[in-house]
Amino acid sequence: MRIITVSNQKGGCGKTTTSINLAAALATNNRKVLLIDLDPQAHATNGLDIKANLSIYNVLSKITNKKCKLEEIIQNLGENFDIAPSNIVLSTLEQELSGEIGRESRLCDILKNFKNNYDYILIDCPPNLGILTINAIRAANEIIIPVEASRFSLEGVSQLTSIINLVAERLNHRVDFKILVANFDSRLQHSFIMLEKIKNDYKNKMFSNIIHVNVKLKEAQNAGLNILAYDKYCRGAKDYFSLSREIITQEDAPLAVQAPAPVEAIEKTLKKRMKEILKEELPKLNEIVLSLSAPDAKEVYIAGEFNNWKLDENSRMEQTNGCWTKRLNLNNGNYRYRFVIDGNWSEDPANPLTQLNTYGTLDSLLEVNKGDGSI
Ligand SMILES: Nc1ncnc2c1ncn2[C@@H]1O[C@H](COP(=O)(O)OP(=O)(O)O)[C@@H](O)[C@H]1O
Ligand SMILES: [Mg+2]
């Protein structure tokens, strides 16, 4: 039995969507699946239109007067697909468990004694790193961390991986994790930049399938259905089905004990996929390098219409021997921009093309011409 926890302390990154639809896709592949909703907000339970008086709370709590076994709360959702629902009372468990010995292993102990023969148990976590999430990590053999490419935060993921390491150290339970790029919006150039970043940071720790933005996934959740039941031909259904196939191919060597796939193999798949998507949905991008000589500057950013004038890590320029550079991948078109040198906004001294802005100062103008990548 493979126990897979879906976790990320960030809300809205696709945990529940992944838990529901991956579970449904695995069930379609003839695997017997139990989805445990471990989020007091009960989004998975509600998203599958389940009403539950008895929930996972009644299984985990020792003080409830309606104590039950896991088997007693399980509801059937269709062939091969069951759920252990949640409800809001679960939010009181944190307090109940505080100070208890073995509180991190409560769910793990229950699953160890659980005799039903599921092929997969998927656990949908709440959006925090509290005791419920730790219980889910402790109970799992594998962890899926969905991240939204557009809102990818290295800090968020590294906090979660430190918890995973802590569980390994303190509770002597080693689990492996894999990043799942979810909610990928291939219309945004930013998504590709972030995908590259995720790839750089987590090369051999990523699923080769990614989940694209697909409004049908939201509609299915609102309709109380999984995506395969709602519209099995839509992109969301295809994405989750492909992910389930990828997970099934690891059945003989699940994540926890599997030797890491060769980095080159994953890179090759990702590159191939990115090329396909780019060909499918994006016009040809042009690589532009902008530079500025400012040997005395400590920090230089480039802000413009291509990055919504935002000053953040992505707009920071790199410095070598006093020369600051930034590589941009842009569609054909004209873009206004300015440099921000140690907090002072200025136009590009090397670019004669300028335009007056609403502040009465000059923006530099970048003209990206069709096809040939020139400016
Ligand atoms: N790939 C996707 N395409 C479109 N909408 C999505 C996608 N993934 C998630 N959503 C929507 O985004 C919202 C948050 O997703 P959810 O899975 O509930 O996140 P989490 O469980 O991490 O908080 C939900 O309304 C969901 O329907
Ligand atoms: Mg959720």
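A single entry from Ala149, Ala168 fulfils the requirement of being within 16 Å of ligand 1 (Cβ to nearest atom), modelled with pLDDT under 90 and open to solvent by less than 20 Å² (accessible area, probe 1.4 Å): Ala149. Checking each residue in region 196-226 for being within 14 Å of ligand 1 (Cβ to nearest atom), assigned to a helix (DSSP H, G or I) and of a type in the set (A, V, I, L, M) picks out Val215, Leu217, Ala220. Looking across region 191-201, the residues that are open to solvent by 30 Å² or more (accessible area, probe 1.4 Å) and without any contact (Cβ under 8 Å) to a residue 60 or more places away in the chain come down to Glu196, Lys197, Asn200, Asp201.
Taking the listed residues Glu196, Glu100, the one that is at pLDDT below 85 and in the same structural domain as Thr28 (by TED's automatic domain parsing) is Glu100, with no other qualifying. Any idea which residue in region 210-224 is farthest from Ser153 (Cα to Cα), counting only those that are out of contact with any Phe, Trp or Tyr (no Cβ under 7 Å at 6 or more places or on another chain) and crowded, with 20+ Cβ neighbours inside 10 Å? Applying the filter and picking the extreme gives Gln221. Listed by first and then second residue, the pairs linking a residue in region 109-130 that is over 17 Å from Ala23 (Cβ atoms) and open to solvent by less than 20 Å² (accessible area, probe 1.4 Å) to a residue that is part of a loop (DSSP other than H, G, I, E, B) and within 14 Å of ligand 2 (Cβ to nearest atom), with Cβ atoms under 8 Å apart and 6 or more places separating them unless they lie on different chains, are Pro126/Leu38; Pro126/Asp39; Pro126/Pro40; Pro126/Gln41.
Is one or more of the residues making up region 228-236 outside any loop (DSSP other than H, G, I, E, B), at negative phi, among the charged types (D, E, K, R) and surrounded by fewer than 16 Cβ atoms within 10 Å (Cβ to Cβ)?
First, the residues of region 228-236 that are outside any loop (DSSP other than H, G, I, E, B): 228-230, 235-236.
Next, only the ones that are at negative phi stay: 228-230, 235-236.
From what is left, the residues that are among the charged types (D, E, K, R) are 235.
Subsequent filtering for residues that are surrounded by fewer than 16 Cβ atoms within 10 Å (Cβ to Cβ) retains none.
No.
A count restricted to region 304-318 and to residues that are part of a helix (DSSP H, G or I) and either of a type in the set (S, T, N, Q) or surrounded by fewer than 12 Cβ atoms within 10 Å (Cβ to Cβ) (or both) stands at 4.
Kindly indicate which of Glu71, Glu94 is assigned by TED's automatic domain parsing to the domain that holds Lys112, touching a Gly at 6+ places or on another chain (Cβ under 6 Å), in a helix (DSSP H, G or I) and open to solvent by 10 Å² or more (accessible area, probe 1.4 Å). Explain how you work it out, then say what you get.
Details: Glu71 fails: touching a Gly at 6+ places or on another chain (Cβ under 6 Å).
Every option except Glu94 fails the conditions.
For residues that are surrounded by 12 or more Cβ atoms within 10 Å (Cβ to Cβ) and β-branched (Val, Ile, Thr), scanning just region 54-68, find the one that is farthest from Glu100 (Cα to Cα). Across region 54-68, the extreme among qualifying residues is Ile56.
The values are calculated or read from the model by the stated rules, or taken from the named source; none is laboratory data. This one's a predicted model, so the numbers in the text were calculated from it and none came from an experiment. Quick reminder, even Gly has a Cβ in these numbers, built from the backbone with ideal geometry, and neighbours come from all protein chains shown. Only protein heavy atoms, including side chains, enter the accessible area calculation; ligands, DNA and RNA are left aside. Shrake-Rupley method; radii C 1.70, N 1.55, O 1.52, S 1.80 Å.
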